[in-house]
Every structure is written in C-alpha cells, then in structure tokens.
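Trainee: Below is a structure I'd like to ask you about.
Nothing in this text is a laboratory measurement; each read-out follows from the coordinates by a stated rule. The model shown is predicted, which means the values in this text are computed figures rather than measured ones. Neighbour counts run over all protein chains shown; Cβ positions are idealised from the backbone, glycine included.
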Amino acid sequence: MYFDSLQGLLMMNGHGMYVWSAYLAAIAIIMTLLVVPMRRRARLLQQLAREANGSEDKTVGNARVEQ
Amino acid sequence: MPISVNDAPLLAAQSLGLVRGGRELFHDLSVEVYGGQLWQIEGANGAGKTSLMRILCGLSRYGFEGKVLRPVTPLYLGHQTAVKALLSPRENLQWHVSGAGLYSDDQVDDALARLGLRGYEDVPSHTLSAGQHRRVNLARLFLSDACLWLLDEPFTAIDKQGVDETQSLLASHVDGGGAVVMTSHQALQVSCNVNTLNLVQGVVS
Amino acid sequence: MWTFFHKLGSPPWLYAIAGTILRWLVPITLIALVAGMIWGLLFTPPDFRQGDSYRIIYIHVPAAVVALAGYYVMAIAGAISLIWRMKMADVVMRAAAPVGAALTFIALLTGAIWGKPTWGTWWVWDARITSMLILLFLYLGVVALYESFDNKEAAGKACAVLSLVGMVNIPIVYKSVDWWYSLHQPASIKFTGESTIDPSMLYPLLLMIAAFYALFTCCLLMNIRAELLQRESRTQWVKKIASEKGAD
Amino acid sequence: MQRQHPQSCSRGCLLSVPHTGQFCARVLRRQLLLAVRRPIEIGNPLLFFAIVIVLFPLGLGPSPERLVSFAPGVLWITALLSNLLTSDAVFRSDFDDGSLEQLILAPQPLFFSALAYILAHWLTTGLLLAAVSPVFALMLNLPVSALGALFVSLLLGTAVLSLLGGIGAALTVGLKRGGILISLLILPLYMPVLIFGTAAVQAAMTGAPSGPYLAILGAMLSLAIALAPLAIATGLKVSIDA
C-alpha cells in the first residue's frame, strides 16, 4: 500500500483531485452504460407482458373474429 | 405469333412477402412473366402495388422475403417523370440516364409526335406542364427496344388520345414477344389477353 | 462452423445465448474492474516524473484501446449485414455504436483531466488525444445518421456503409495526425510514449484492458438483447418470453 | 413512319446498349450542361470562398505578418468548407425528379456512373476553386513562391474532397434535411487532406520542397478514386430503397 493514511490516499500529494475526478467520472459513465440497457430491457418486457395479459382477456370476447 | 412457352421467363418472382408497418401486404406471392404476356397488378390504394413494382424492378433490395430473378434489364416507369427541367425533351430522351441506346433525332421526333408533343421537342422542359412531362417520360416506351416493361400507373394525367396510343403500343409490344407488367386504375382496352394479379387475395388469375 | 454462423442469424437463439453469456460475464467484469482500479490506485508505485497523476492511465489507455476496437467491431458487423444481409449483424452494429462512443468519451475526459497536472492546460493537442477526438466524431456521425432515417432497415445499411468508410479512414487519420503532431511539436516528452513501463505498473494496466474488453462485450450483449426485444416485439418468441416474465 | 418493332424478343434485348465508357461520357456531358445552364450555381462556391477569406483578416487583424502565418490554413479550410457546401447537391436534384432511380436501374455499372457525377461536380467546383485561389492567396500576403504549390495541392485536394463529399451526399440524399448531417459525417474524413494540403503550402512558403506532401495527396486521391465510388454506389442504392 503506497499511501500511509486515508488522508494521503485522498490527497495523493497534490494530484488526488485530478485522479479521483477522472476515476469517478469514468465509473459514473460505466455504470450508466451497464444500467441503461438493463432498464430498457426490463421496461420493454414489462410493456410486452402488459400487452400480452391485456390482449388475452380482450380476445376472449371476440376470439372468433380473431381467427 | 404463338407465344413460345419454353423460353426462360423474362421475370420470375418467387414467394415474395412484404410486411409494412405491422400489416402484411402480401406473402408467398410467386409470378413468372414470359414474353408475349401483359400483366396488370390490381389492388386498392395502399395495397402495396408500388412496393411490389419497386421490388420487381430491383429498386427495393431489402426488407422483403423471397427472390426476384431478372435475366433482362427492364424499362421502369415510376411515379416520377425523371425529366430534367433545364434540358429540352429531345436532350432528356437522348441523354437519358437509364442507359438505353442512342436514339436518332427523327426517332425522338416521331415518339414525341405520337404523344401530341410535336413542336415541343427543343423547348426547355421547365416551360412544359406536368402532364407534358409525363408524356415525355412515356415517349421512352415508343423509343425503347427493351423486352420487359415495368410501368407504375403510366396513364395518370395522360389524355384520352395519349392513353389509346399507348395502349395500342402495349398490344403491339406484347404481340411482338415483349412482356409488360403494369399497375393501373383504369380498365385496359387492349387487343391481347391480360393476366391480372390481385394483391388483396395475393391470388394469380 | 457454418451451422453456428447460420444459427447466429436466428433472433431467439441469439437472445438466449446472449443471456447465458451475460449471466457469468457481468460478475467477472465487475470484479476485474474493481480489482484493477484498486490495484492501480493503491498498490503501484508513483511515477518518478508525473507523480500520482499517472494513475489515470489505468482508465485512459484501456478506454482508448477498446474504443478503437469497438469501432472495428461495429464496422465488421456492418460489413456482414451489408454483404450477407444478416439482420442480426445489423442489430450488433446498432448496439455497438453508443457503447463505443461512450468509451471514447471516457478516454477523452480522462485524457483531458490527466493533461491538467502534467501540462497545466485542460486540453492538449497531443497526437493520440486528437485522433481520439476524431474517432468520437466518427462514432457520433454513425449515431446521427442512424437517428435521421425513418426506415430503420435502411438506416442500418447506411450506417454500415459509413462505418466501413470510417474503418478504412481510421489508419489514415491516425497516421496523418501523428505526422501533423510531430511536424508542429518539437519532440517534448511524448505524452503517450511511456513504452518503458516497468512490470509493476504494466500488470494492472493489462488487467484493466481485459476488464474494459469484458465491459464492452457485456454492454454490447445487453444492448443486443434490448434491441432484439424492440425489433421483434410482434413475434411469437418475444410474446412467450414476455408472458413468462409477466407470470413470475 | 411506323417504327419497325423487334419481332421477337427472345433472342436477347436492349441490343444497342451503350458500353460503360460511352454512357459515362454522356452522363458527364449531361451534368456539365446542367451546371452551365445555371451558372449562378457554379458561382456560389467561389463567392462563398471569397467572402469567408475576407472574414479572416477582419477577425485576425490586418497585419501582413500575422496573416501570412495563417494563410495556408485559412485558404485550405475555406476551400474545404465551400466544397462541403456544394457536395450536398450532387445527387439531390436527380433524386427529387426520379432520374436517380433510372440511373440505378441502368445496366451500366453504378461505380463508373457515380465517378462521372463526381468528376462533373469537381470540374464545376474544385477546379475553379483551385484556379481562383492564387488571387485570394495574394490578398493574404502569401509569397508568390507558394502559389504553385497552393494551386496543385488544391487541385488534388478538392478532387479527394469531392469524392468523400460524394459518399456523404449518397448517404444523405434520401433525407429531407441532410445538409448539416453531411458535414458531421464527412468532416472527420476531410482532416487528413487538410493536414497534408496545408503542409504542402507551408513547405513551399519556407522554401522547402512541397513534392512529398503533394505525393501523399496524390496517393489519397488514387485511394479515393478506387474506393469512394463503391461506397457511393452502395449508399445510393440504400438511400433509394429507404
């Protein structure tokens, strides 16, 4: 471990602000890169599930017309 | 002149299928066009007539199922007239970008005269009306020696005399061994028999 | 092998195989990223010239490397969709574009932040940073072209052509920018020239590059699954998956 | 005079199809005639070039020494922008009236037809730009020794720019508002040409030989001639199909 204390780690003798800002920005972008498609897929599935359930009870009434 | 059936078809479409905006326009549609046949594609507006024509002539290459075999280069007349406003009708026809042959001046004069454009051969096209532009485009039929003609509503904005002249040309082209596939809302009065392809049922009659 | 290539063309199969790969790839990627960052930040000696600010290299270089590789993945997928008319390759290209653009942006951002302590300016017209900026413009060009088409099928084909043209041009752009940099800039400390990097710094870098490649693959596969659901929303297999998802 | 109709088509069709060279010459002549018949469209890029050149002294100050240090970059960037502005219209008019569909269906390969279109575009923009540029170079106090290098570099460079702009035009011809989009697509590809173009002029200014830079521009031109029409042809087929 090249830093004696938490304080040393944060300061990184003067360069800490740049290093940590770069890492945090990168981590933020990486998180969005991972989360966005997950949420998009979940939303699509939910919407399709609602459509699937929604259309099921609707077709019971006019099932004959559908065929 | 008996139609020689053993020739290879000038155009063969195998199990074409097209879905547009979630609606299935046609599917599993196969048709073979031989020399000496005139095909008319019928269907209401939006039934996919123009889409089918664009698939047959090769403008649409993606987004549909099935295959189209095209051994010969067809002559295609679309909705747009492809007439450059800055060029005169003669220049438009003689330098046409469809890659057709070189037409002599009197061939062009004769073709334009038959469509009632005598005297307009060398005026800039921007002085002509839209109907006259369509007739300049139609004049390509009188000049071309292509075997296969694909015409997308050729008679819109054409007067009675022009329609009759063109219909007689279609008949003589088909009798001469050529083939025509066209879409039109008007009933055709042509001497040769007409095969119709109705898009609503996708049935070939 | 050919049946594999052909099977790759069927959406449900691709959706399923992407799911299984993701199940074990996502945890590995997260572990590798975290380990690499900790290793790079805490357990490597500071650089004798640049001090601790060089630690940004563990984000900047991997992001740059994978961003460039991402463009090639996108271009090759585009080529496959153009030549063999495979709809799935079109989906892969569509999924790769935003991920690559985001990684290029990470590389640029970290490069700019890194430039401040070493050169005192927020933006330094170094050869690699400038080429990275042009790569970002190439990515944004593909995304912009895709968004401006209404018919998404044609959009995919047009983007395939543009990404292929971009792929041919990338080496030319990189070489000419390197040459331009050497013409105007006397050979001061080359920003990207640390070839003699000693092993203790090299290993975390290699780990981070591997982690970023895994990250790119994860994001790509996730985007593919989402894109598949959207494009094939009317097909039976999507309805089946949706109803299963709805049930549990 | 009843035209003799082909009796039987089965023995092959389109007997008198002009071969590719003849067809491309005809397309080139047609495009040049279309351009000449509306001369203002040839004048526009030159006027744009002139006006933007005038902007730079207003922005950078009139002192000759300052101007001369920027002259190569200013001249080249202005030529590049005026070329970019005109490249949107290469296929636009033919797309609007339907000629582009006919061109794509022509039996002759689209590779050479696209090349003919781009050559016509270059003759009416790039060539004139290169011819006019020495006048503005002198206004920017460029030494006379560099005028030759400027002319040749612009000659080669604008040809490459026209080919690359043709790719952008082919991809965006189907879009209603393709103008701005084309610059985002194509400017990254223009950058290498700009780098070596200005380098050639700067070298000539300092008396160094500008030969190697012009050679690289020539190499870029030959690569563009070989590959760009492929992308243009595919782009046109995709845009027509949209």
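Trainee: Restricting things to alpha carbons, find the Rg to Rh ratio for chain C using the Kirkwood radius for Rh.
Mentor: Looking at chain C, the ratio lands at 1.03.
Trainee: Still on this structure: Checking a compactness column here: for the range D:21-241, what do you get for Rg(Cα) / (2.2 N^0.38 Å), N being the number of residues?
Mentor: 1.04
Trainee: If you build a Gaussian network model of chain D, linking Cα atoms that sit under 10 Å apart, which residue out of D:Ser183, D:Ser145, D:Ser82 swings the most?
Mentor: Maximum among the listed residues: D:Ser145.
Trainee: Measure nothing fancy, just the Cα-based angle from helix C:87-119's long axis to the longest principal axis of chain C, in degrees from 0 to 90, nearest 10.
Mentor: Once rounded, one gets 20 degrees.
Trainee: Calculated FRET efficiency, D:Phe111 and B:Ala44, Cβ-Cβ r, R0 30 Å, to nearest 0.05?
Mentor: Working: r = 40 Å, r/R0 = 1.34.
E(calc), rounded to 0.05, equals 0.15.
Trainee: Taking springs between alpha-carbon atoms closer than 10 angstrom, which of C:Tyr174, C:Tyr58, C:Tyr139 fluctuates most in the Gaussian network model of chain C?
Mentor: C:Tyr174
Trainee: Quick one: go through the range D:89-103 and flag any residue whose amide nitrogen is under 15 Å from the point 7 Å out along the Cα-to-Cβ line of D:Glu41.
Mentor: Those under the cut-off are D:89-100.
Trainee: While we're on this one: Considering the dipole of the protein assembly as shown built from charges on the beta carbon (Lys and Arg +1, Asp and Glu -1) around the Cα centre, which of C:Ala210, A:Ser5, D:Leu80 is farthest to its positive end?
Mentor: A:Ser5
Trainee: Assuming R0 = 35 Å, what is the FRET efficiency of D:Leu32 and C:Lys152, from their Cβ-Cβ distance, to the nearest 0.05? All intermediate terms of the calculation are to be shown ahead of the outcome.
Mentor: Numbers: r = 38 Å, r/R0 = 1.08.
In this case the efficiency is close to 0.40.
Trainee: Report the semi-axes of the equivalent ellipsoid for chain B in whole Å, largest first, where each axis is √(5λ) for an eigenvalue λ of the Cα gyration tensor.
Mentor: Taking √(5λ) for each eigenvalue gives 29, 19, 16 Å, largest first.
Trainee: For helix D:147-172, what angle does its Cα long axis make with the longest principal axis of chain D, in degrees from 0 to 90 and rounded to 10?
Mentor: 40 degrees
Trainee: Continuing with this model, one more query. To the nearest 20 Debye, how big is the dipole of the range B:44-90 about its Cα centre, given +1 on the beta carbon of each Lys and Arg and -1 on that of each Asp and Glu? Don't jump to the answer; show the numbers that get you there.
Mentor: Working: 7 positive and 1 negative charges, 30 e Å.
The calculation lands at about 140 debye.
Trainee: If you don't mind, there's one more thing I want to ask. Using the Cα centre as the reference, give the magnitude of the dipole from point charges on the C-beta atoms of the range D:21-241 (Lys, Arg: +1; Asp, Glu: -1; all else neutral), rounded to the nearest 20 debye.
Mentor: 180 debye
Trainee: On to the next question. Between C:Asp178 and A:Leu9, take the C-beta separation as r, use R0 = 35 Å, and let me know the FRET efficiency to the nearest 0.05.
Mentor: Numbers: r = 37 Å, r/R0 = 1.04.
Computed FRET efficiency for C:Asp178 and A:Leu9 comes out at 0.45.
Trainee: Give me Rg over Rh for the range D:32-113, both radii from the alpha carbons and Rh done the Kirkwood way, two decimal places.
Mentor: Values: Rg = 18.4 Å, Rh = 15.5 Å.
Reported Rg/Rh, Kirkwood definition of Rh: 1.18.
Trainee: Here is a follow-up. Roughly how many nanometres apart are two label points built 7 Å out from the Cα toward the Cβ at B:Thr156 and B:Ser191?
Mentor: So the two model labels end up 3.1 nm from each other.
Trainee: Taking the Cα-to-Cβ direction at C:Ser200 and at C:Gln236 and moving 7 Å from each Cα, how far apart do the two end points lie in nm?
Mentor: So the label points at C:Ser200 and C:Gln236 sit 6.4 nm apart.
Trainee: Pairs C:Lys157/C:Lys240; B:Lys67/C:Lys87; B:Lys67/D:Lys176: which are spaced more than 21 Å apart, C-alpha to C-alpha?
Mentor: On the way: C:Lys157/C:Lys240 30 Å; B:Lys67/C:Lys87 17 Å; B:Lys67/D:Lys176 31 Å.
C:Lys157/C:Lys240; B:Lys67/D:Lys176, as the Cα separations exceed 21 Å there.
Trainee: Please report Rg over Rh for the protein assembly as shown, where both radii come from the alpha carbon positions and Rh follows the Kirkwood definition.
Mentor: Here the Rg-to-Rh quotient is 1.04.
Trainee: Build a GNM of chain B with springs between Cα atoms under 10 Å: which of B:Glu24, B:Glu153, B:Glu91 gets the top mean-square fluctuation?
Mentor: Maximum among the listed residues: B:Glu24.
Trainee: So how much slack lies between B:Arg61 and B:Ala113, counting 0.36 nm per residue of separation and subtracting their Cα-Cα distance, in nm?
Mentor: Extra length available between B:Arg61 and B:Ala113 comes to 15.0 nm.
Trainee: Moving on. If each of D:Lys176 and A:Glu51 carries a label point 7 Å out from its Cα toward its Cβ, how far apart are those two points in nm?
Mentor: Result for the modelled spin labels: 2.7 nm.
Trainee: In square nanometres, what is one fourth of the surface area of the convex hull spanned by the alpha carbons of the range B:135-205?
Mentor: Directional mean of the projected Cα hull area for the range B:135-205 stands at 5.0 nm².
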